[in-house]
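Have a look at the structure below, then the notes.
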Amino acid sequence: MACLYLSAAHKSSGKTTLTLGLGRALRDRGLRVQTFKKGPDYIDPIWHGQATGRPCYNLDFHMMQTAEILGLYGRHAAGADLTLIEGNKGLYDGMDLEGGDSNAAMAKLLGAPVVLVLDTQGMTRGIAPLILGYQAFDPEVRIAGVILNKVGGPRHEGKLRAVIERYTDVKVLGALPRTAEIEITERHLGLIPGNETPEAETRIAAIARYVAEGVDLDALVGVAAPVRPASSDLEETPPDARGLRIGIAQDQAFGFYYQEDLDTLRRSGAELVSIDTLRDTCLPPVDGLILGGGFPEMFIETLATNQTLRADIRRAVESGLPVYAECGGLMYLTRAIHWGERHGEMVGVIPAECTLQSRPVGRGYARLEVVDAEAGLASAAAPSIAAHEFHHSRLTHLSAGTHRFAYRVARGVGIDGAHDGYVYKNLLAAYCHRRGTGTHGWIAPFLDKVRRVAWRSERLRQAA
């Protein structure tokens, strides 16, 4: 396999646009392209998966052990001709002052040469010291080339190329113009998800055309490293969930799931039943329910109008159905969502209302201390759980001290700044997102709870 790590000097340089454009352009050439995204991101992987026709996987130092990163990468890169890894933020950015969780550290771990995507707006000769500084800062990072983005025109591009050739030994692999035709609309919390917009395919095709014209694809593939990273034989045995039916909300309002977690659920033998909260009028017969993140605020009126499904879910929770909900799923389970002048009633299981704020409430990595291991779908041997949160909403009218929470928030915001993981009967709903797979994942304890609860049902006993 060959690999490239796409990074930048800072965020919003165009890495995502370029990654999905390269993925589609190389796929159109007949290559099997496997994408990965560093960090806790749901939206970019949706776009990358649509561009390449292969699911995109997340790699994260905060949420994963090194052996888990190597194992996941190795398994999915093995079947590809080329892997493209999109970094988050800048090449050397991260929480660790020593850079142990940076994009540079991930590139070195995987043996991937780096292609820098540089936002060239307002820049000419200054691009040379920028490149030289990035080369000198960590000589172990192999910067194999640069792609110039948001170029002002042929004259601007010519100056940039001349400066880079004069002062550095770095290859210019291509240049993309500054044009609205290859921009993906952003809103709060980032890009509009590709599963939400019907124009996604049209936009991907347009970006791929620009990339194919502006990037020397042969040269790009030529600098990819034909090396295999340090291997890891770690591949966890999934829990045995044969015979269980697990409902999972998958529609325009709810679609934030890690591909690795979906794979784990399927490998467990569980039957995943997709639920469209916007159109399905009733909850199908299921033994457990997963309500992932998303943007329910964008569909307030449609969700509110679907009264029969909301009532079905409320009755199911009250009857003890095991339910796991994250962020958008938590919002959906409250009494109502408010966003400016818009308002809509929701499921009503959580005795609070959800109000969207103009600024982020919780954003970034989080750490949860487990208060109740069983309710919090956690191992008693793992008192601390790595997580992340991205929400502009907060719960209101939730009386203090009268509710049960599974976690204390050691880092982050959660529900009230001190707690997260609202517990009611067999429901666990949190603002923080957790990795489902792995030693500290929520999937194995969730499926165990589903089996213990469902075993009491006649349907499952007969199936056994």
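The values are calculated or read from the model by the stated rules, or taken from the named source; none is laboratory data. The structure displayed is predicted, hence computed values, not measured ones. With ideal geometry, Cβ positions are generated from the backbone for all residues, glycine too; neighbour counts draw on all protein chains shown.
Filtered by the rule that a residue be closer than 20 Å to Gly174 by Cβ and assigned to a loop (DSSP other than H, G, I, E, B), the stretch 91-121 gives Leu91, Ala112, Pro113, Thr120, Gln121. The set of residues from the stretch 133-157 being surrounded by fewer than 19 Cβ atoms within 10 Å (Cβ to Cβ) and more than 21 Å from Ala219 (Cα to Cα) comprises Gly133, Ala136, Phe137, Asp138, Pro139, Glu140, Gly152, Gly153, Arg155. Taking the criterion of being more than 24 Å from Asp218 (Cα to Cα), aromatic (Phe, Trp, Tyr) and in contact with a helix residue (DSSP H, G or I) (Cβ under 6 Å, 6 or more places away or on another chain), the only residue of the stretch 1-60 that qualifies is Tyr57. Show the residue pairs that are 6+ apart or on different chains and have beta-carbon atoms under 6 Å apart, the first residue being within the stretch 314-335 and over 28 Å from Pro40 (Cα atoms), the second being of a type in the set (Asp, Glu). Once the first residue is over 28 Å from Pro40 (Cα atoms) and sits in the stretch 314-335, its partners that are of a type in the set (Asp, Glu) give Arg335/Glu353. When residues in the stretch 348-396 are screened for being over 25 Å from His440 (Cα atoms), more than 24 Å from the chain's Cα centre (by Cα) and in a loop (DSSP other than H, G, I, E, B), 2 of them pass.
Quick test for you: out of Leu377, Leu368, pick the one residue that is in contact with a helix residue (DSSP H, G or I) (Cβ under 9 Å, 6 or more places away or on another chain), assigned by TED's automatic domain parsing to the domain that holds Ala336 and closer than 22 Å to Tyr42 by Cβ. Only one candidate passes the filter, namely Leu377. Only one entry of Tyr324, Tyr258 meets the criterion of being aromatic (Phe, Trp, Tyr), under 19 Å from the mean Cα position of the chain (by Cα) and closer than 23 Å to Val453 by Cα, and that entry is Tyr324.
Within the stretch 404-416, residues that are assigned by TED's automatic domain parsing to the domain that holds Asn426 and within 15 Å of Leu377 (Cβ to Cβ) sit with their Cβ atoms under 8 Å from residues that are among the charged types (D, E, K, R) and in a strand (DSSP E or B), at 6+ positions apart or across chains, in these pairs: Phe405/Asp420; Ala406/Asp420; Tyr407/Glu369; Tyr407/Asp420. Only residues that are under 18 Å from Ala373 (Cα atoms) and crowded, with 19+ Cβ neighbours inside 10 Å were counted across the stretch 390-414, and they come to 5.
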